[in-house]
Amino acid sequence: MAKLIIRRHPGSKGMAKLVRRLTSRGKQGTSRRANGSELRSKDSKSRCQHLNWTYVPLVIFACMLVGILSFPDAVGNLQKSVPPSSNASNEMSYDIAPGMHVSIKFNRVDSSKAPSEIILSLGEHEAKITFAKPCERDSIWLRIIGDALQNINLMSDSSTRSLTGRFTLPMEGNYAMQLFSNGCGEQTSRQIFNVTTFQVKGETTTNFSTAANEYPVSAWISSKHFPQVDKAIAPEYIWHNPQIPAASANLLKAGNTILSKEGTIRGNGFYDFDKLSNYELVCFVGSDSASRIRESFLQFRPMLFAHQRPFKFHLYPIHYFEKPDRDWEEGKKKGFRKCKHILVSVDELKQKLSQKEYTTQVTTFINHLLNAIPDETFPIWFFTVMESPIQPSNCLPQSLPRDNLLDHPCNIALKSLFHNSRFPSRVKLLDTTEIALPQLGNHPEDVAAAIALRVYVFVGKQVRTWRTQGQEGKKDGLVRGGKIEPNFELIPYTEWS
């Protein structure tokens, strides 16, 4: 049976032990490795200069511990370890800051083990944050780092001034729970607290991902579990299905990132992507985020489908939802009308919008796409944003209710829009928050690569649907129902508002 082991009194020693392991592998930081060690060495040195050198061994150990417990987090603030304020048979509690308290409840206790450890069966557990007074809800994030990267979705309860989230973990290993906070508005800079450390034993079969059934249940798994990669250049985490042994994973390299096929494909593989014709253009529409996804997509192409020529995968850059083609040349405006798959990713808008304005403009933009490319068999995919919710650049102020307090305000708007809209079925939302959210803005190339591999799946599935229905794009036009529909004259769409 799977077990979860929590040290009853982790304190600074227990936290230091895990944090040292994590930081030695470069698990957290804006860059892969460099900046943290420089800060730690300078900080440790300054704190230790005045100590009596008679106690050299003790000094060395203490200095190492100080440096370890002060490593910088992903947004440049110092992480702080938190000793437990109370322990119970199935609950641990921590006072994070004045007026902020975290409690963690576990689902089962094995009391037969030594009293120095709490042994729990792996399953669904609960973390709860309570406040002594009202707190800014969008200033609190909770996630788990270590052998896997996992965010904890938080739900608000205004009646008890609390946030509650349930979580499972994808695999055995060593972990730390982190809380991101700005002190409920009382701090001028964001802080990260290492709430507790724990060890997981066994394997989980719980569906911990919110991904649609089209894709396997996957997670960001520490690259140390993949013996086939060079640890010196490996990314921190690899998107992978943890139910598949990492040692047998089929890995793909795109730029500086690595991910596994098993993290994206299931029994149907890439469907009929290999049958995509030269006249069924795949069009990436959007800002820098669309460009990153397309770049990763093209890097995978020679490994997966070398016969598919790169000229059929177009990029249409936009930075506004209103008059999005303002920077396109005439030929590009005409060519857009030939797109058969429209993939939209717009993280970087040059216009600041409230949630309400964002919803209105996205709705109008999608309706224009439907008019510009009117064939009901040509899908339009709108991607959720990959930007970190910690420092959102748009969709502020927020006015919509939040189901997931960790989510980006633009994603909250998108999910609400697609839930309530009357868009035709060919307009689809590609929700990739389970890929992007645990990274909290770190390593956007890794996130884009994981999303790019999904593009092969849903484009291949659409090609299979077309072929089943007898539809195929040809040089002279569209073959459909045993007949050919000749190509129409390419005239730029001029009705953008």
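Given the whole protein assembly as supplied and a 1.4 Å probe, what does the accessible area of residue 328 come to in Å², nearest 10?
The accessible area of residue 328 comes to roughly 20 Å².
Taking the Cβ of residue 271 as the centre, find all other residues whose Cβ is under 11 Å away and add up their charges (Lys, Arg: +1; Asp, Glu: -1).
Result for the neighbourhood of residue 271: +2.
Roughly how many Å is it from the Cα centre of the stretch 260-334 to that of the stretch 419-453, as a whole number?
Using only Cα atoms to place each centre, the spacing works out to 15 Å.
May I ask you to evaluate 6.51 cos²θ - 1.76 cosθ + 1.60, the Karplus curve with θ = phi - 60°, for each residue of the stretch 165-175 and list the ³J(HN,Hα) values in order in whole Hz, giving x for glycine and proline?
x, 10, 8, 10, 10, x, 6, 6, x, 10, 9
Apply the a/c threshold of 1.5 to the C-alpha gyration tensor of the stretch 268-381 and tell me whether it is rounded, prolate or oblate.
Because a/c hits 1.5 or more and a/b exceeds b/c, the stretch 268-381 counts as prolate.
At R0 = 22 Å, how high is the FRET efficiency between residue 391 and residue 332 if r is their beta carbon distance? Nearest 0.05 is fine. Kindly include the intermediate steps, with their values, before the conclusion.
Details: r = 33 Å, r/R0 = 1.48.
Computed FRET efficiency for residue 391 and residue 332: 0.10.
Counting only the heavy atoms of the protein chains, how much of residue 272 is accessible to a 1.4 Å probe, in Å² to the nearest 10?
Answer for residue 272: close to 20 Å² accessible.
Using amide H atoms built 1.01 Å from N in the peptide plane, name the residues 5+ places from residue 162, or on other chains, whose amide H lies under 5 Å from its own.
157
Using a 7 Å offset from the Cα along the Cα-to-Cβ direction at both residue 95 and residue 497, what is the distance between the two label points in nm, to one decimal?
Going from the residue 95 label point to the residue 497 one covers 5.7 nm.
Once both labels are modelled 7 Å past Cα along the beta-carbon direction, what's the residue 322-residue 230 spacing in nm?
Between residue 322 and residue 230, the simple spin-label model gives 5.1 nm.
What residues from the stretch 373-409 fall in the zone where the backbone N is under 15 Å from a label point 7 Å along the Cα-to-C-beta line of residue 422?
Output list for this probe position: empty.
Do any trypsin sites (Lys or Arg not before Pro) in the stretch 211-272 lie in a loop, going by DSSP, with at most 11 other beta-carbon atoms within 10 Å of their beta carbon, and if so which?
Answer by residue number: 231.
HN-Hα J couplings of the stretch 379-391 from phi, Karplus 6.51/-1.76/1.60, θ = phi - 60°, integer Hz, Gly and Pro as x?
In residue order, the calculated couplings are x, 10, 10, 10, 8, 5, 6, 9, 4, 5, x, 5, 9 Hz.
For 329, 348, 495, 172, write out the residues from largest to smallest accessible area, computed with a 1.4 angstrom probe and no ligands counted.
Putting 329, 348, 495, 172 in descending order of accessible area: 329, 495, 172, 348.
Per residue of the stretch 214-222, what does 6.51 cos²θ - 1.76 cosθ + 1.60 with θ = phi - 60° give for ³J(HN,Hα)? Whole Hz please, x for Gly and Pro, Karplus curve as stated.
4, 10, x, 6, 10, 7, 7, 9, 3
What is the local net charge at residue 424, summed over the other residues whose Cβ is closer than 13 Å to its Cβ (Lys, Arg +1; Asp, Glu -1)?
Net local charge, residue 424 excluded: +1.
In the stretch 311-365, which trypsin sites (Lys or Arg not before Pro) fall in coil by DSSP and have 12 or fewer other Cβ atoms within 10 Å?
Hits after loop and neighbour filter: 326, 350, 352.
The values are calculated or read from the model by the stated rules, or taken from the named source; none is laboratory data. Worth saying up front: this structure is predicted, and the values here are computed from it rather than measured. Here Cβ is always computed from backbone atoms with ideal geometry, including for glycine, and neighbour counts include all displayed protein chains. Accessible surface is based on the protein model in full, side chains and every heavy atom, while ligands, DNA and RNA are left aside. Shrake-Rupley method; radii C 1.70, N 1.55, O 1.52, S 1.80 Å.
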